[in-house]
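The structure appears below as structure tokens.
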Amino acid sequence: MGSKLRAIGIRCHDHCVSGKDSLSTKKIFEKPAAFHLKVMGLKQAKKTAPRGGKKPSNKTDRAIRVQYGALPYRFTETNSLEVLLVTTRQTRRWIIPKGWPIKGLKPPKSAAREAYEEAGIRGTVGAKAIGVFSYEKGLDANGVTVPCEVRVFPMIVKRQLDVWPEANEREARWFEPRKALSAIRDDGLRELIDSFVERITARKSPR
């Protein structure tokens, strides 16, 4: 690189002294930086954003995530309808068992797996979803959330276990429909359960 720099200096000196301006100092240094770097056998560095600058926004950050949930229900000895709710781990709100899709399982089976892990129940899950509700799922303690859409499948409970995977993290409790609706904070879930209760109650009522 030193020999190339000396060559540029000699040419510049010769033409400046002779009064020629075809390769004068002025014209050489008016060339873009890329020109001088090319002459010296160097590559121009790529421009980078300054430190502390605004990072490109990730458009997928607010993409809706899909979850599958189960609405567990049963009929008591007096033929009264009850639904089962579980508490969330952190805020202890009453919700239904739900979770992320499980690889290799169809949506109803994923819902059934969540019902077992979160509430310790076994039963028959309907093949078709009875509805959908949306909520904001918290990801960490800093308040970061993502929008989730939960597709809910009905589940008639046949067995409830005394021990299950998340027994020490959640409470599972049976409610009569009216009290379940009062316990739930999420409007979308409340409306979904209310609509389901009306349909199943009408189906059980004598004509």
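The values are calculated or read from the model by the stated rules, or taken from the named source; none is laboratory data. Fair warning: this is a prediction, and the values are worked out from it, not measured in the lab. Methodologically, a virtual Cβ is constructed for each residue, glycine included, from the backbone with ideal geometry; neighbour enumeration extends over all protein chains shown.
Numbers below:
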item	result
For R89: the one exception among (1) at pLDDT 95 or above; (2) under 19 Å from the mean Cα position of the chain (by Cα)	(1)
In the range 183-203, the residues that are surrounded by fewer than 14 Cβ atoms within 10 Å (Cβ to Cβ) and assigned to a helix (DSSP H, G or I)	D187, S195, E198, R199, T201, A202, R203
Residue in the range 89-108 that is out of contact with any Lys or Arg (no Cβ under 6 Å at 6 or more places or on another chain), surrounded by 13 or more Cβ atoms within 10 Å (Cβ to Cβ), of a type in the set (S, T, N, Q) and within 30 Å of R62 (Cβ to Cβ) present	no
Test result for W174, over 12 Å from L84 (Cβ atoms) and out of contact with any Ser or Thr (no Cβ under 6 Å at 6 or more places or on another chain)	no
Residues that are in a loop (DSSP other than H, G, I, E, B) and without any contact (Cβ under 8 Å) to a residue 40 or more places away in the chain, drawn from the range 93-109	P97, W100, P101, I102, K103, G104, L105, K106
